[in-house]
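The values are calculated or read from the model by the stated rules, or taken from the named source; none is laboratory data. Nothing here was measured: the structure is a model prediction, and the numbers come from that model. With ideal geometry, Cβ positions are generated from the backbone for all residues, glycine too; neighbour counts draw on all protein chains shown.
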Amino acid sequence: MSGMNIGVLHPGAMGVTVAQTLKDSGHQVGWVSAGRSLESRQRAEGLRSFTSIDEIAGWADAIISICPPHGAVPLARAVHATGYTGLYVDANALAPSTSLKIAELLGAGAYVDGGIIGPPAIKPGTTRLYLSGHHAPAVSAWFSAGALEAIALPKTGVPNGNVAASSLKMAYAAYSKGASALLLSVNALAEAGGVREALHQEWAISSPDLLKRSEYTAAMTSGKAWRFVGEMLEISENYSSAGLPDSFHTAAAAIYEHMSDLKDLPPQNLESVVAALLKRSQGDT
Ligand SMILES: NC(=O)c1ccc[n+]([C@@H]2O[C@H](COP(=O)([O-])OP(=O)(O)OC[C@H]3O[C@@H](n4cnc5c(N)ncnc54)[C@H](OP(=O)(O)O)[C@@H]3O)[C@@H](O)[C@H]2O)c1
């Protein structure tokens with residue numbers, strides 16, 4: 001297969017590894033510098049640079065959207081406004097209903113639903129891009145080499161089969177990020193009641209992994225919590241559409257919102273995260 005021209009919007013921690021896998025598979029990969037930070041510019045080194053979405057839309061055979069979930073619909077609108085007619089893959093953590101909205105905007109025939117599970121794809125075997133919809137098998141073939149594995153989900157025959165990748169991502173993250181929010185908030189609750197030390201001593205006896213998991217979760221989520229807010233709201237919307245109670249993930253969104261000031265800081269310890277959740281500075285008692 002000769003290489004395609006593929007735009008990756010935008011080269012964040014995950015997006016740049018999607019871009020690298022496409023390059024490893026023999027494609028030309030472009031990005032748009034307008035509005036992006038120094039970090040994105042540094043990550044994008046080696047990709048073909050465009051100054052605007054209009055410009056990349058005229059070059060690309062396909063565009064992959066990989067950005068914070070709250071940016072997915074505005075980005076799709078910006079691409080649509082250029083008159084772009086190629087394939088559009090949305091690989092973000094979106095509720096199936098949001099993905100269907102984007103499909104409607106860009107034309108269902110040119111739309112591919114995606115969801116990524118795993119850390120940024122630096123090593124093979126760690127990270128999977130699930131795809132669904134008519135073009136999913138063709139898109140999965142673009143990722144023939146490199147670290148990111150692409151998997152086209154079989155057509156399930158259910159009405160939402162075209163957005164099955166989003167359904168899978170929602171179910172997966174509902175547990176992984178939902179459980180992380182719960183665990184951090186439990187630590188804050190115990191702190192508010194003056195019993196965090198006592199809780200940790202009890203955990204040491206009856207649930208020895210929970211303290212270690214709390215510390216690990218604080219470090220792993222603190223810098224990314226701002227981005228999880230939108231993802232939790234998408235999951236909540238998915239619960240609601242499925243006729244299930246949706247408040248658990250609305251609360252998880254609020255918990256991550258309390259942590260959003262930790263964006264761009266180095267990984268934080270449990271004490272700092274608890275302080276952020278209680279909206280206290282570390283010096284306060
Ligand atoms: N990182 C992971 O471990 C992971 C795992 C699974 C799935 N994902 C999915 O991958 C997507 C992106 O994650 P990431 O790790 O690449 O995030 P990231 O490192 O925060 O990067 C996000 C990229 O999008 C840009 N961006 C920021 N705000 C935006 C907005 N409002 N609209 C459009 N673009 C915006 C950023 O640009 P500037 O910062 O330069 O402004 C950056 O280039 C998310 O949908 C997430 O669910 C990530």
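Per the conditions (1) part of a helix (DSSP H, G or I); (2) under 18 Å from the mean Cα position of the chain (by Cα), the sole criterion not satisfied by Asn187 is (2). Looking for something in contact (Cβ under 8 Å) with a residue 60 or more places away in the chain, within 14 Å of the ligand (Cβ to nearest atom) and either closer than 21 Å to Ala152 by Cα or outside the structural domain of Gln20 (by TED's automatic domain parsing) (or both) - is there at least one such residue anywhere in segment 55-64? Scanning segment 55-64, I find no residue that is in contact (Cβ under 8 Å) with a residue 60 or more places away in the chain, within 14 Å of the ligand (Cβ to nearest atom) and either closer than 21 Å to Ala152 by Cα or outside the structural domain of Gln20 (by TED's automatic domain parsing) (or both), so the answer is no. The condition of being of a type in the set (Gly, Ala, Ser) and in contact with a strand residue (DSSP E or B) (Cβ under 8 Å, 6 or more places away or on another chain) holds for only one of Gly115, Gly146, Gly58, Gly109, that being Gly115.
Name every residue in segment 206-234 that is polar (S, T, N, Q), in contact with a helix residue (DSSP H, G or I) (Cβ under 6 Å, 6 or more places away or on another chain) and either more than 22 Å from Lys169 (Cα to Cα) or not in a helix (DSSP H, G or I) (or both), in order of residue number. Step through it out loud before you land on a result.
Of segment 206-234, the ones polar (S, T, N, Q) are 206-207, 214, 217, 221-222.
Still in the list and also in contact with a helix residue (DSSP H, G or I) (Cβ under 6 Å, 6 or more places away or on another chain): 214, 217, 221-222.
Result: Ser214, Ser222.
Consider segment 235-252 and keep the residues that are in a helix (DSSP H, G or I) and surrounded by fewer than 18 Cβ atoms within 10 Å (Cβ to Cβ). The one that is farthest from the ligand (Cβ to nearest atom) is Ser247. Asn187 meets the stated requirement of being farther than 22 Å from His70 by Cα, of a type outside the set (A, V, I, L, M, F, W, C) and either touching a strand residue (DSSP E or B) at 6+ places or on another chain (Cβ under 7 Å) or crowded, with 16+ Cβ neighbours inside 10 Å (or both). Consider segment 28-43 and keep the residues that are surrounded by fewer than 15 Cβ atoms within 10 Å (Cβ to Cβ) and among the aliphatic types (A, V, I, L, M). The one that is nearest to the ligand (Cβ to nearest atom) is Leu38. Is one or more of the residues making up segment 114-122 touching a Phe, Trp or Tyr at 6+ places or on another chain (Cβ under 7 Å) and either among the acidic types (Asp, Glu) or modelled with pLDDT under 95 (or both)? Within segment 114-122 (the criterion being touching a Phe, Trp or Tyr at 6+ places or on another chain (Cβ under 7 Å) and either among the acidic types (Asp, Glu) or modelled with pLDDT under 95 (or both)), the answer is no, since none of the residues qualifies. Among the candidates Glu197, Glu237, Glu202, the residue that is under 22 Å from Cys67 (Cβ atoms), of a type in the set (D, E, K, R) and not assigned by TED's automatic domain parsing to the domain that holds Ala72 is uniquely Glu237. A single entry from Met4, Met14 fulfils the requirement of being near the ligand (Cβ under 8 Å from one of its atoms) and either in contact (Cβ under 8 Å) with a residue 60 or more places away in the chain or within 20 Å of Glu234 (Cα to Cα) (or both): Met14.
Please specify each residue of segment 130-177 satisfying the condition of being under 24 Å from Asp61 (Cα atoms) and touching a Gly at 6+ places or on another chain (Cβ under 6 Å). Result: Tyr130, Leu131, Asn162, Ala165, Ser166. Within segment 42-49, does at least one residue satisfy the condition of being touching a Phe, Trp or Tyr at 6+ places or on another chain (Cβ under 7 Å) and touching a residue at least 40 places away in the same chain (Cβ under 8 Å)? No, there is no match, as no residue in segment 42-49 is touching a Phe, Trp or Tyr at 6+ places or on another chain (Cβ under 7 Å) and touching a residue at least 40 places away in the same chain (Cβ under 8 Å). Taking residues in segment 138-167 that are exposed (fewer than 13 other Cβ atoms within 10 Å of the Cβ), and partners anywhere that are in a loop (DSSP other than H, G, I, E, B), the pairs with Cβ atoms closer than 6 Å and at least 6 places apart or on different chains are Ala145/Ser25.
Hey, any hits in segment 83-90 for a residue that's over 21 Å from the mean Cα position of the chain (by Cα), crowded, with 17+ Cβ neighbours inside 10 Å, away from the ligand (no atom under 13 Å from the Cβ) and not assigned by TED's automatic domain parsing to the domain that holds Gly243? Yes - at least one qualifying residue is present in segment 83-90.
With respect to the conditions (1) more than 22 Å from the chain's Cα centre (by Cα); (2) among the aliphatic types (A, V, I, L, M); (3) within 28 Å of Phe228 (Cβ to Cβ), Val112 falls short on a single one, namely (1). Remark: Ser25 falls outside the filter, which requires a residue to be within 10 Å of the ligand (Cβ to nearest atom) and either outside the structural domain of Ala93 (by TED's automatic domain parsing) or among the small types (Gly, Ala, Ser) (or both).
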